[in-house]
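The values are calculated or read from the model by the stated rules, or taken from the named source; none is laboratory data. Note that the coordinates shown come from a computational prediction; the quantities given were computed from them, not determined experimentally. Neighbour counts run over all protein chains shown; Cβ positions are idealised from the backbone, glycine included. Keep in mind that these areas ignore ligands, DNA and RNA; they rest on the heavy atoms of the full protein, side chains included. Shrake-Rupley method; radii C 1.70, N 1.55, O 1.52, S 1.80 Å.
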Amino acid sequence: MTAYPNVNYIGNKAKVAEWIIENLPIKQGLVVDLFCGGCSLSYALKQKGFCVYSNDILYANFVLAKALIENQHDTLQLENIKLEHFFNNGDFENLKWMIYRLYFADEVKELVSLINYAKTLKEYKSFIFLSLLRRSMIRKIPYSRMTIKWEEIVKLRDEELSYQKYKRRRAYHNQPFLTHIQKELKDYNGAIFDNKLPNKAFQMDCVKFLKMLKKQDKEVSLIYIDPPYPSTMNNYVGFYGGFDRMLDKQCENFLDFTRKDTFLNSLEKVCVETKFISKYIAISLNNKCNPSVDEIKNTLTQHCKKIQIFTTSHTYKVTGKKNKNIHNEILMVCELRSSNGTNL
């Protein structure tokens, strides 16, 4: 069986995807992964024979969904890329905001060449390459997110200092982007497979996306949501948004789930729209989430015929030897009332 590749995505559900799917009230049909993130759950659903629609507001996540979920056949073969042939000084000027913020000047020059090379590739091959580029960009930044201060990046990219503090030199932070891309290419190609269903990828605001499905009269078996919770992902766009800005692919005017004061209201909006297209909504949570599980359940009760809660332990690790924390991973499965107030 094909395997989900390394994507370096904070909070991904790869380790609990099997458990989530086992507890869903459906065994086939169309599942919408409304906040697909790194696509680990979308990928597992595709493996299990579901038709999957993967959606996210971030282009960084959309390219993963295009490459690994929607794409059924195409793989990527890299030639001996002569980066100097793809460099353009005008494009470099446009990306100077990245210098001494995320990367050094010579690294930004490499990014310019790689972006222009991607433009020479056809659709899915381009998305595979962009997925690998995204992975390489995250791999070169300590803690795998783009919100780290430059002073901290420079400090942790110092291999000797890293060795003194962590007993690891972390040389991969200083390797070229292309080196990372070439290293991961085989795994990304190996992850591509055809489940014989019309899986699709989208980059839309979640409510607008649900309204679109309603307009298209889609029959959706289940909506799965794992939104960016205020307590853990309060700068969701910032974590990977540098990739979107680099490619000028930012989405604007979207429902922001990272605000604690409006989170429950936003969740209710999703629930209300879901009623028009599906009988079920499944929500991933954990015992540390804020708002709490009880607050979320109380908010959704008026819209549901039935709510089931499943729990399993889930260990987050810093390294292979040390546990960061042990959480309870929670899945809330809601059977919804219909849009006119009756049971579906």
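When you look at F87, is it modelled with pLDDT of 95 or more, open to solvent by 40 Å² or more (accessible area, probe 1.4 Å) and within 18 Å of L133 (Cα to Cα), yes or no? So F87 passes the test. Scanning region 54-84 for residues that are open to solvent by less than 10 Å² (accessible area, probe 1.4 Å) and out of contact with any Leu (no Cβ under 6 Å at 6 or more places or on another chain) yields S54, D56, L58, A60, N61, L64, A65, A67, L68, I69, N71, L76.
Is it the case that region 312-335 has a residue that's at pLDDT below 85, closer than 19 Å to A14 by Cβ, part of a loop (DSSP other than H, G, I, E, B) and open to solvent by 80 Å² or more (accessible area, probe 1.4 Å)? Yes, region 312-335 has at least one match. Counting only residues that are open to solvent by 30 Å² or more (accessible area, probe 1.4 Å), at pLDDT 95 or above and more than 16 Å from Y280 (Cβ to Cβ), region 4-34 holds 3 of them.
Conditions (1) among the aromatic types (F, W, Y); (2) assigned to a loop (DSSP other than H, G, I, E, B); (3) within 19 Å of the chain's Cα centre (by Cα), marked per residue:
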{"site": "P5", "(1), (2), (3)": "no, yes, yes"}
{"site": "K15", "(1), (2), (3)": "no, yes, yes"}
{"site": "L24", "(1), (2), (3)": "no, yes, no"}
{"site": "V31", "(1), (2), (3)": "no, no, yes"}
{"site": "A44", "(1), (2), (3)": "no, no, yes"}
{"site": "Y53", "(1), (2), (3)": "yes, no, yes"}
{"site": "F62", "(1), (2), (3)": "yes, no, yes"}
{"site": "A67", "(1), (2), (3)": "no, no, yes"}
{"site": "H73", "(1), (2), (3)": "no, yes, no"}
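Annotation: of all residues in region 137-187 being aliphatic (A, V, I, L, M) and within 30 Å of T2 (Cα to Cα), the one that is surrounded by the most Cβ atoms within 10 Å (Cβ to Cβ) is M137. For region 268-278, the count of residues that are touching a His at 6+ places or on another chain (Cβ under 8 Å) and surrounded by fewer than 19 Cβ atoms within 10 Å (Cβ to Cβ) is at least one.
With the requirement that a residue be open to solvent by 70 Å² or more (accessible area, probe 1.4 Å) and either of a type in the set (K, R) or in a strand (DSSP E or B) (or both), what does region 90-124 give you? K96, R101, K109, K119, K122 - these are the residues of region 90-124 that are open to solvent by 70 Å² or more (accessible area, probe 1.4 Å) and either of a type in the set (K, R) or in a strand (DSSP E or B) (or both). Just wondering, is there one or more residues in region 188-204 that are open to solvent by less than 20 Å² (accessible area, probe 1.4 Å), within 15 Å of L34 (Cα to Cα) and in contact (Cβ under 8 Å) with a residue 60 or more places away in the chain? Within region 188-204 (the criterion being open to solvent by less than 20 Å² (accessible area, probe 1.4 Å), within 15 Å of L34 (Cα to Cα) and in contact (Cβ under 8 Å) with a residue 60 or more places away in the chain), the answer is yes, since at least one residue qualifies. Pairs meeting the criteria (first residue in region 259-283 and touching a residue at least 40 places away in the same chain (Cβ under 8 Å), second residue open to solvent by 40 Å² or more (accessible area, probe 1.4 Å) and part of a loop (DSSP other than H, G, I, E, B), beta carbons under 7 Å, at least 6 apart or on different chains) are K269/L255; K275/S339; F276/S339; I277/K218; K279/L344; Y280/P25.
Scanning region 222-241 turns up at least one residue that is assigned to a helix (DSSP H, G or I), surrounded by 15 or more Cβ atoms within 10 Å (Cβ to Cβ), of a type outside the set (K, R) and touching a helix residue (DSSP H, G or I) at 6+ places or on another chain (Cβ under 7 Å).
State all residues of region 185-204 that are over 19 Å from F62 (Cα atoms) and in contact with a helix residue (DSSP H, G or I) (Cβ under 7 Å, 6 or more places away or on another chain); if no residue qualifies, say none. Hit for region 185-204 is N195, nothing else.
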